[in-house]
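Some notes on the structure that comes next.
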Amino acid sequence: MAYRFIPHHTAEELYRIQLEGLSFTVAQALRSPQYRQKLADCGVTPGDIRSLEDLRHLPTTDVEDLRAGYPLPLCCVPEREIVRIHASSGTTGKRKILAYTAKDIETFSLQMARCYELAGLTPDDRMQVAVGYGLWTAGAGFQLGSEKMGMLTIPVGPGNLDMHLQLLRDLGATCLGATASMALLMAEEVERAGILDGLKLKKVICGSETRSEKMRLAIERKLGLEASYDIAGMTEMYGPGTAMDCDAHNGLHYWADLFLIEVLDPETLQPVPTGEVGEMVVTSLRKEAVPLLRYRTHDLSRLLPGECACGLAMPRHDRILGRSDDMLIFRGVNIYPGQLMDVIAVFPELGGEYQVELRRDERALDHMTLTLERSSEASADGDAALAESVARRLHKAVMARIDVRICDPGSLPRTFSKSKRVVDLRQ
Ligand code: ZN
């Protein structure tokens, strides 16, 4: 399949592009006093980059580096070359502001146009955007890519259900860009109003939050879709569109000519073996205003080895499995809540709630108990067998022996905070 925006590189070509990009990024970073200090601290000069392996010798950067340089952190171009800023939520303290040159905006739109292309969209499609505009990158990215692709673009933004439905009918958008919860809300409204016949929607691209399989099926069925896709992104790496689900729906392809991904153990910052879960650490290859050097995303995922059934040569990572800050260390094994959730999701006899308890016994041996709620349809008679098969599956998934306890539906505390799901009684 020939693409307009998605490049086709042989492995050798890609390596050369990545190495050139890495050398460019280190040279570019040295133009910022903030980066210059960091690189001097570990004694790196641009001439030191001779292979991609040399990436390991570079310092990591973190959200603290962005906060420290407020209002234009890690800026590597004269301020008059900046044409735009975006910012992320910044729930505590200062916002993270990211600057863009004109070329950065161009690469941002390319990154998004590639995602649309992977979803099979063409200039004949029409894109209705339901994600946030303003300082956020989401709306800007969905719009930039859509216009680059040549699609008629309808920039509505989030909320405003009535306007969305009216414009969907009147302008006949074939694709909707939304968060999963917004897409579900619209799907339910379309169903309730019985207006599906008047719509031309074929596809939905869901960004910025992980959606469950149940949510995906509900959105596709209620809107009568051909397909829906997950898109990944982060403000630090332009915005949305860093990676995209394809028709094989087995991981997200990421643009390996625009950035490198390392998957590291969040404790030791050493690489984990390919295919294992760790923290994704990103190095940009083309960013001008704010290049990223081994930027810690704190997002957990894994690289998926092998070729994708869709035939695209771009590498893939799994969906985001949680935050590295939520990692548990149990008997020397790193365990992430996302891995537990994956196992729980396999069993229809379970509800979704869970609680983890960690204890240390008198022999200084750690024990982990996972308490799970039975679903309201399942009978308590099967608890013992259910607990055993969950424990077996967990052992396979995380390589640790976890005691499983099944309890009545509704008996665990309800909370949105992951930290409250883990009770650590060690020491
Ligand atoms: Zn694919």
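Criterion first (part of a helix (DSSP H, G or I) and hydrophobic (A, V, I, L, M, F, W, C)) does Ala27 satisfy it?
Numbers: part of a helix (DSSP H, G or I): yes; hydrophobic (A, V, I, L, M, F, W, C): yes.
Considered against the rule, which asks whether it is part of a helix (DSSP H, G or I) and hydrophobic (A, V, I, L, M, F, W, C), Ala27 comes out as yes.
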> Can you name every residue in segment 147-170 that is of a type in the set (A, V, I, L, M, F, W, C), closer than 16 Å to Leu185 by Cα and in a loop (DSSP other than H, G, I, E, B)?
Replying inline: Val156
> For segment 244-256, how many residues meet the condition of being within 13 Å of the chain's Cα centre (by Cα), more than 9 Å from the ligand (Cβ to nearest atom) and not in a strand (DSSP E or B)?
Replying inline: 0
> Quick one: how many residues across segment 49-63 are crowded, with 18+ Cβ neighbours inside 10 Å, under 26 Å from the mean Cα position of the chain (by Cα) and hydrophobic (A, V, I, L, M, F, W, C)?
Replying inline: 2
> Only one residue in Arg126, Arg114 is more than 22 Å from Tyr295 (Cα to Cα), out of contact with any helix residue (DSSP H, G or I) (no Cβ under 7 Å at 6 or more places or on another chain), crowded, with 19+ Cβ neighbours inside 10 Å and in contact (Cβ under 8 Å) with a residue 12 or more places away in the chain. Which one?
Replying inline: Arg114
> Can you name every residue in segment 124-137 that is modelled with pLDDT of 95 or more and either part of a helix (DSSP H, G or I) or among the hydrophobic types (A, V, I, L, M, F, W, C) (or both)?
Replying inline: Met127, Val129, Ala130
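Tally the residues that are in a helix (DSSP H, G or I) and not basic (Lys, Arg), restricting the search to segment 206-243. Walk me through how you get there before you give the answer.
Kept after step one, since they are in a helix (DSSP H, G or I), are these residues of segment 206-243: 213-222, 235-237.
Next cut, not basic (Lys, Arg) only: 213, 215, 217-220, 235-237.
Count: 9.
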>> Just to check your reading of the model, which residue among Val343, Val333 is in contact with a helix residue (DSSP H, G or I) (Cβ under 6 Å, 6 or more places away or on another chain) and hydrophobic (A, V, I, L, M, F, W, C)?
In response: Val343
> Restricting attention to segment 279-306, and to residues there that are under 18 Å from Ala397 (Cβ atoms) and free of Cβ contacts under 8 Å to residues at least 40 places away in the same chain, which single residue is nearest to the ligand (Cβ to nearest atom)?
Replying inline: Pro305
> Which condition number in (1) under 27 Å from Gly145 (Cβ atoms); (2) within 27 Å of the chain's Cα centre (by Cα); (3) part of a loop (DSSP other than H, G, I, E, B) is the one that Leu66 fails?
Replying inline: (3)
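This table checks each residue for (1) open to solvent by less than 20 Å² (accessible area, probe 1.4 Å); (2) over 20 Å from Glu267 (Cβ atoms); (3) in contact with a helix residue (DSSP H, G or I) (Cβ under 9 Å, 6 or more places away or on another chain); (4) in a loop (DSSP other than H, G, I, E, B).
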position: His367; (1), (2), (3), (4): no, yes, no, no
position: Glu373; (1), (2), (3), (4): yes, yes, no, no
position: Asp383; (1), (2), (3), (4): no, yes, no, no
position: Val404; (1), (2), (3), (4): no, yes, yes, no
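The rows are residues; the columns are (1) open to solvent by less than 60 Å² (accessible area, probe 1.4 Å); (2) within 16 Å of the ligand (Cβ to nearest atom); (3) farther than 23 Å from Ala232 by Cβ.
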position: Cys308; (1), (2), (3): yes, yes, no
position: Pro315; (1), (2), (3): yes, yes, no
position: Asp318; (1), (2), (3): yes, yes, no
position: Phe330; (1), (2), (3): yes, no, yes
position: Leu340; (1), (2), (3): yes, no, no
position: Glu349; (1), (2), (3): no, no, yes
position: Arg360; (1), (2), (3): no, no, yes
position: Leu370; (1), (2), (3): yes, no, yes
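On the basis of being over 15 Å from Gly177 (Cα atoms), of a type in the set (A, V, I, L, M, F, W, C) and either touching a His at 6+ places or on another chain (Cβ under 7 Å) or surrounded by 14 or more Cβ atoms within 10 Å (Cβ to Cβ) (or both), does Ala102 make the cut? It would help to see each step written out before you state the result.
Values: over 15 Å from Gly177 (Cα atoms): yes; of a type in the set (A, V, I, L, M, F, W, C): yes; either touching a His at 6+ places or on another chain (Cβ under 7 Å) or surrounded by 14 or more Cβ atoms within 10 Å (Cβ to Cβ) (or both): no.
No; evaluated as a whole, the condition is false for this residue.
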> Residues of segment 369-398 being closer than 17 Å to Met341 by Cβ, out of contact with any Lys or Arg (no Cβ under 8 Å at 6 or more places or on another chain) and among the hydrophobic types (A, V, I, L, M, F, W, C), which ones?
Replying inline: Val390, Leu394, Ala397, Val398
> What pairs come up if the first residue lies in segment 310-327 and is in contact (Cβ under 8 Å) with a residue 12 or more places away in the chain and assigned to a loop (DSSP other than H, G, I, E, B), the second is of a type in the set (Phe, Trp, Tyr) and within 14 Å of the ligand (Cβ to nearest atom), and their beta carbons are under 7 Å apart, counting only those six or more places apart or on different chains?
Replying inline: Met314/Tyr254; Met314/Trp255; Pro315/Tyr254
> Is there a residue in segment 231-243 that is without any contact (Cβ under 8 Å) to a residue 60 or more places away in the chain, within 16 Å of the ligand (Cβ to nearest atom) and of a type outside the set (D, E, K, R)?
Replying inline: no
> What pairs can you find where one residue is in segment 376-402 and farther than 20 Å from Val333 by Cβ and without any contact (Cβ under 8 Å) to a residue 40 or more places away in the chain, the other is open to solvent by less than 50 Å² (accessible area, probe 1.4 Å) and among the charged types (D, E, K, R), and their Cβ atoms are less than 9 Å apart, with a gap of 6+ or different chains?
Replying inline: Ala380/Arg374; Gly382/Arg374; Asp383/Arg374; Leu386/Arg374
>> Restricting to segment 98-118, give me the number of residues that are within 20 Å of the chain's Cα centre (by Cα) and either under 29 Å from His8 (Cα atoms) or modelled with pLDDT under 95 (or both).
In response: 12
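Taking the condition open to solvent by 50 Å² or more (accessible area, probe 1.4 Å) and modelled with pLDDT of 95 or more, does Leu167 pass?
Values: open to solvent by 50 Å² or more (accessible area, probe 1.4 Å): no; modelled with pLDDT of 95 or more: yes.
Here the answer is no, as Leu167 does not meet what is asked.
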> Mind checking which residues of segment 30-48 are part of a loop (DSSP other than H, G, I, E, B), more than 17 Å from Leu66 (Cα to Cα) and open to solvent by 20 Å² or more (accessible area, probe 1.4 Å)?
Replying inline: Cys42, Gly43, Thr45
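The values are calculated or read from the model by the stated rules, or taken from the named source; none is laboratory data. What you see is a predicted model; the values in this text were computed from it and never measured. Cβ sites come from the backbone with ideal geometry, for glycine too, and all protein chains shown count toward neighbours. Calculation scope for accessible area: heavy atoms of the full protein, side chains included, ligands and nucleic acids excluded. Shrake-Rupley method; radii C 1.70, N 1.55, O 1.52, S 1.80 Å.
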